Amino acid sequence: MSVAAAVPRGPLTHPRLPLLLWLGAGVAAVGLFFAAGWVGLPSGAAFTVCAFRRLTGIPCPGCGLTRAMGALARGELLLALHFHPFAPLVLAEAGALWAGIGASVLGRPLALPPRFLERVVIWQTAAFVALWLGRLATGTLPW
């Protein structure tokens, strides 16, 4: 008899536990996403959670993403694009990340080309900074 066979399986060592936790986290995240979109702060709210804006007094490159995600949760795509043009991309990336984690949990990690994520991060950071500087220079921030 092997040692593994002698160890009793409890509820915290069940082989499907990671999958169930992953699915539960996804369901909770989607629920919170839609709940936050419907409950959000009033449009005239002066409170900000952005540490960059609190410290410097200027909006950060991601300013507007929270409001844009709320608008996406309500199905208001044009309003979301007004708050931040990259909001649908960020939401799609969050979904892809969740799916990638799920594939790893199932034992089938995604095979991405070498340096793919590094390039995505560099290009996306450059795009965020370029948009941010353009919005600051032209005064086209939505608030």
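Determine if the range 48-59 includes at least one residue that is at pLDDT below 75 and more than 25 Å from THR125 (Cα to Cα). Before you say what the answer is, go through the steps one by one.
Of the residues in the range 48-59, the ones at pLDDT below 75 are 48-49.
Filter again for more than 25 Å from THR125 (Cα to Cα), leaving none.
No, the conditions are met nowhere in the range 48-59.
When you go through ALA111, ALA68 one by one, which is the residue that is within 25 Å of ALA126 (Cβ to Cβ) and out of contact with any strand residue (DSSP E or B) (no Cβ under 8 Å at 6 or more places or on another chain)?
ALA68
Restricting to the range 128-143, what's the tally of residues that are part of a helix (DSSP H, G or I) and among the β-branched types (Val, Ile, Thr)?
Of the residues in the range 128-143, the ones part of a helix (DSSP H, G or I) are 128-138.
Next, only the ones that are among the β-branched types (Val, Ile, Thr) stay: 129, 138.
Residues that pass the stated criteria total 2.
Does the range 15-35 contain any residue that is loosely packed, with under 14 Cβ neighbours inside 10 Å, modelled with pLDDT under 65 and in a loop (DSSP other than H, G, I, E, B)?
No, every residue in the range 15-35 fails to be loosely packed, with under 14 Cβ neighbours inside 10 Å, modelled with pLDDT under 65 and in a loop (DSSP other than H, G, I, E, B).
If a residue must be closer than 30 Å to ARG16 by Cβ and charged (D, E, K, R), how many such residues does the range 79-115 contain?
2
Out of the residues in the range 85-127 meeting the condition of being under 16 Å from the mean Cα position of the chain (by Cα) and part of a loop (DSSP other than H, G, I, E, B), tell me which one is surrounded by the fewest Cβ atoms within 10 Å (Cβ to Cβ).
Only one residue fits best here, namely PRO85.
Any idea which of VAL90, VAL129 is closer than 29 Å to LEU32 by Cα and touching a residue at least 60 places away in the same chain (Cβ under 8 Å)? Working first, answer last.
Details: VAL90 fails: touching a residue at least 60 places away in the same chain (Cβ under 8 Å).
On inspection, the qualifying residue turns out to be VAL129.
The values are calculated or read from the model by the stated rules, or taken from the named source; none is laboratory data. Just so it is clear, the structure is predicted and the values come from calculations on it, not from any experiment. For neighbour counting, all protein chains shown are included, and Cβ atoms are generated from backbone atoms with ideal geometry for every residue, glycine included.
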